[in-house]
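Since every read-out is calculated from the coordinates, none of them should be taken as a lab result. This is a predicted model, so every value here is computed, not measured. Ideal geometry is used to build each Cβ from the backbone, glycine not excepted, and the neighbour counts take in all protein chains shown.
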Amino acid sequence: MPASRPRQFDLIAFDWDGTLFDSTAIIVRCIQRAVADVGGTVPNDRDAAYVIGMGLMEALAHAAPDVPPERYAELGAAYRRHYLNHQDDLSLFEGVLPMLADLRERRHRLAVATGKSRRGLDEVLRTVQLAGLFDGSRTADETAGKPHPLMLHELMREFETEPERTLMIGDTTHDLQMALNAGCASVAVSYGAHSHEGFEALQPRVIVHSVQELHAWLLENA
């Protein structure tokens, strides 16, 4: 039984978009459409995907460097409008719910550390299938954007957990760098926003290529 295995990590923090939530392609399209709306140079798919995980305004500014700062609020509003139009198209990756259930059975503390806004994260966490699965969460707009370690620092303080007992799981180099900056271990997933070629330098314990592979690794090693 999963609950009978000893724990190496007391706190497991997950990124949201591209790690648990299958949203990468839609976020890329929404960024591109928002930039087009304000007359900026539309980023290609790779450049738009690179900023996923950052705080919203930092991400949009990076994706649209020719849009002047006085138009960032308009750019952010355009992104939110496009994203809300597609929110019902998004879903958890297959296998996420059984994985989270097994981790809770083993009494890990589960948290979310995301570049989403607090409002956006709360909207998805209120769904029936996710109610009560996570013990805590931090968002970029209430702490600091990745790779700043503040999200993880606050979660570790909340749950009185040391860095060596904390694991960060994410699909971007921003997630892995945040874990390094916080002194925590990390796991990289290759099915999200960033190509896995850049992961090795950031010292993840493992790079996994599916939720099923992540699930198996966590039961064996976490």
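In this structure the amide hydrogen of D141, modeled in the peptide plane, comes within under 5 Å of the amide hydrogens of R118, none closer than 5 places in sequence on its chain. Annotation for the range 85-156 versus the range 25-47: alpha-carbon center distance of 25 Å. Scaling against 2.2 N^0.38 Å puts the C-alpha radius of gyration of the range 132-202 at 1.08.
Report the trypsin sites (Lys or Arg not before Pro) located in the range 98-147 that are in a DSSP loop and have at most 12 other Cβ atoms inside 10 Å of their Cβ, or state none. Those satisfying the criteria are R107, R126.
Cβ crowding within 10 Å ranks I12, I52 as I12, I52, fewest other Cβ atoms first.
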